[in-house]
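Take a look at the structure set out below.
Just so it is clear, none of the values below were taken in a lab; they were calculated from the coordinates. Just so it is clear, the model here is predicted, and its values are computed rather than measured. As a convention, Cβ positions derive from the backbone with ideal geometry for all residues, glycine included, and neighbour counts pool all protein chains shown.
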Amino acid sequence: MTSTVPPSPADACAPAHALDGNACAPPVSFDAVHTPRHRRRPWRRRYALELRQEMPWHRQAAVLALAIMTGLAICTAILVAAGVPARELLDEFIVGTLGDADNLRAVLFQAAPMVMVGLAAALAFRARFWNLGLEGQMVWGAIGATAVALGDIGTPGTRLWLMGAAALGCGAMAAVPPLLLRMRLGISEIISTLMLNYIAANLLLNLVYGQWKDPRDAFPHSRGFVDAERLPELAGGYSSAILLAAVLMLVVWWLLQRSRAGIYLRFVSASARVAEAIGVPVRHVVAGIVLLSGALAGIAGFVVIAGQAGRLTQDFYGGYGFSGILIAFLARNNPVAAGVVALLMATLFVSGRSLQVFYQIPFSMVQLIQAILVIVVAASDFFIRYRLSPVGRAE
Amino acid sequence: MNLITSWIGNVPDLAVPFALAALGLIVTERSGVLALGAEGLMLVGALAGVGAQLAFHSAGFALIVSMLAGAGVSVLFAVMVVWLRVNQVIAGLALVFFCQGLTSLLGSVNGWNNQPVSGLEAITLGPLAQLPIVGPLCNQNLVVYLTPLIFAAVAWYVDRTVGGLRLRAVGENPQAADAAGVPVLRIRLLAILAGSALVGLAGGYIGVVSAHMWTPDMTAGRGWIAVALVIFARWSPRRTLAGALLFGGIEALIPQLAAAGISLPQYYVLCAPYLITLAVMIQSVVARRGEDDAPCALGEPYIREERR
């Protein structure tokens, strides 16, 4: 990580004469190494890649801004090609969503679960655990909450709290199998969490087509929740979900920035081996953080079904898994930044739905836009981390 | 008896996508590039294949288009991981989501959703098809017959040729390979392109030959299962073929059980491939503790100037 010293010409030249892998090439003299090299492949040899020590933050921000502009330009081109008039894009995305009180409420409503999955992903990634099972954990959280609601457990006054607690517990439990597989057997959590997503999705279908199916209509969903089982509205018609999301964001911020576990976690993210060597309880920290990540995803599931949907549906979790990963990635695993990015993603979702209604553009456009943003931001990292420096031109 | 015969007859058709996708992943991963994008590339292959079949009505041509589409989209992945040194997990996930969004968008924009297409004709191997029990194995389409040959060719190339040696060298120790004059980045690019073409073919097979239509997200996690299969097979083509037959056998068993009158809750049965993937990964760890055949440089971007 410390190699900012320009490589000596000897380093840079060493493999050059043997580029064709010609084992029988006669030994070459020192002069012969230098002169024909540039003539033969100038476009291959001219630059060396150097790791930067650090880039000033304003230049980092400039690179990032340039990358996002490029991504947005690509997305605009795709949207225009798909038939959205260019003039109305700005109107649709910015003015239409943030200028209108109804739409602003919709964005904040949509943002609440996004903040939670974003925080869940950010926590797990900080513990170097690729929790790709956010959707499965959301499903389990929602199943737990619905079980409380359908079972009429508790009084109407405590029902919502019990549902939340059940979602939290079920989400955390859903994170246990991949955690155990990784810690006991060293099985990559990337595959196991994804497989558990598919399993959770099928079990959800089993419930909504089976014993939890609403007998009153033909659709695969549970009966609607009564008022005591739904998230209440605050003054002005804003959902309390966004308040819950803000509280959770502050809790995670406190955990990461102010608590002992946060300090430990910083060691673990930097290097688990060094952390182990200096006495950080690495396994406990990772296990605790991953369980918390699952719990947050479970609460996100609860918020979706007790807020937007009002019942357990077959596909309420769609798109949240990738959104969570994307939010954590774009926010550099920072909880406060995750909140901001989640708001932007919620704007994208709400606009995506209105594009669907007004221009018949499939909702998968939203996923494509998200993926393009991840790709450009990931690519821009290259210019922040490395420097291309010309080698051997002066010789 | 009839059930067993028809089960055996269905296994190859379901095993081929797993086999080809996992083989493609092996080619890519042997060069040290962690390839998580299979799920997305299979979707691209399936969509491109079905689209070509709808336009030109030639299954062979459609499968070639699938391969080209898989390789074409993987250029994006190659630029990310080979030159821009993006974290290979992030790049792979981004590729999957990019392809999911792109394919379901293009599918509905072009009106290809649920449009039936014709697949490949079965080729009967003369009197062999009349044999008891194994007879149906000799009444398959061309790709099924070609798959073992493709496997043999790839295994021979990787293990027995200079090109294969370079590929493995780049995956095991890129620094040494570079010092020996092997163009690391170029070999990784070619490995990604070649491997992705095979993954695209696997997707095209699912769309054109197995399902005869395009539906969004039709691969249903088979790409991820292929990734797990490669780990289970420890990057060996021979064990991959065996693993693909295992998964093909399980997928073929599900409708047979229903036909035999054994009624299981539908959605529990649909969980089976994913549960078995987990079981297989556990088994491969428990059976061989400590032994690890993964390419040493798997997942590490190569930077010549980096001190190690």
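Here are the numbers for the structure shown:
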{"read-out": "Order of B:147, A:76 under a 10 Å beta carbon neighbour criterion, fewest first", "value": "A:76, B:147"}
{"read-out": "Selected from A:246, A:264, A:211, residue furthest toward positive end of dipole (the stretch A:192-282; charges at beta carbon)", "value": "A:264"}
{"read-out": "Residue order, fewest to most beta carbons within 10 Å, for A:347, B:161", "value": "B:161, A:347"}
{"read-out": "The protein assembly as shown: calculated mean residue ellipticity at 222 nm from DSSP helix runs of at least 4, using -39500 (n - 2.57)", "value": "-21500 deg cm²/dmol"}
{"read-out": "Additional length obtainable on full extension of the chain from residue B:146 to residue B:114, 0.36 nm per residue less Cα span", "value": "8.7 nm"}
{"read-out": "Dipole-positive endmost among A:376, A:161, A:301 within the protein assembly as shown (Cβ charges, Cα centre)", "value": "A:376"}
{"read-out": "Dipole of chain B [Lys/Arg +1, Asp/Glu -1 at C-beta], most positive-end residue of B:27, B:240, B:41", "value": "B:27"}
{"read-out": "Beta bridges per DSSP with both ends in the protein assembly as shown, % antiparallel, nearest 5", "value": "90"}
{"read-out": "Partner chain coverage, peptide B:175-182 - average Cβ within 10 angstrom", "value": "4"}
{"read-out": "Cα-centred dipole magnitude for the stretch A:137-243, charges only on beta-carbon of K, R (+1) and D, E (-1), debye, nearest 20", "value": "280"}
{"read-out": "Debye log10 I(q)/I(0) for the stretch B:84-197, one point scatterer per Cα, at q = 0.10, 0.20, 0.23, 0.24 Å⁻¹", "value": "-0.60, -1.08, -1.20, -1.25"}
{"read-out": "Shielding by other protein chains, B:221-230, mean Cβ within 10 Å", "value": "3"}
{"read-out": "Kirkwood Rh and Cα Rg combined as Rg/Rh, the protein assembly as shown", "value": "0.98"}
{"read-out": "Cβ neighbours within 10 Å from other chains - mean over B:259-268", "value": "2"}
{"read-out": "Cβ-derived FRET efficiency at R0 45 Å, residue B:186 paired with residue A:223, nearest 0.05", "value": "0.15"}
{"read-out": "Size of the stretch A:291-395 as Cα extents on the principal axes (Å, biggest first)", "value": "72, 41, 21"}
{"read-out": "Histogram of C-alpha separations across chain B, 10 Å bin width, %", "value": "6, 27, 34, 23, 8, 2, 0"}
{"read-out": "Size of charge dipole - the protein assembly as shown - debye, nearest 20, with Cβ of Lys, Arg +1 and Asp, Glu -1, no other charges", "value": "1820"}
{"read-out": "Separation of the residue A:388 and residue B:121 label points, Cα + 7 Å toward Cβ, nm", "value": "5.3"}
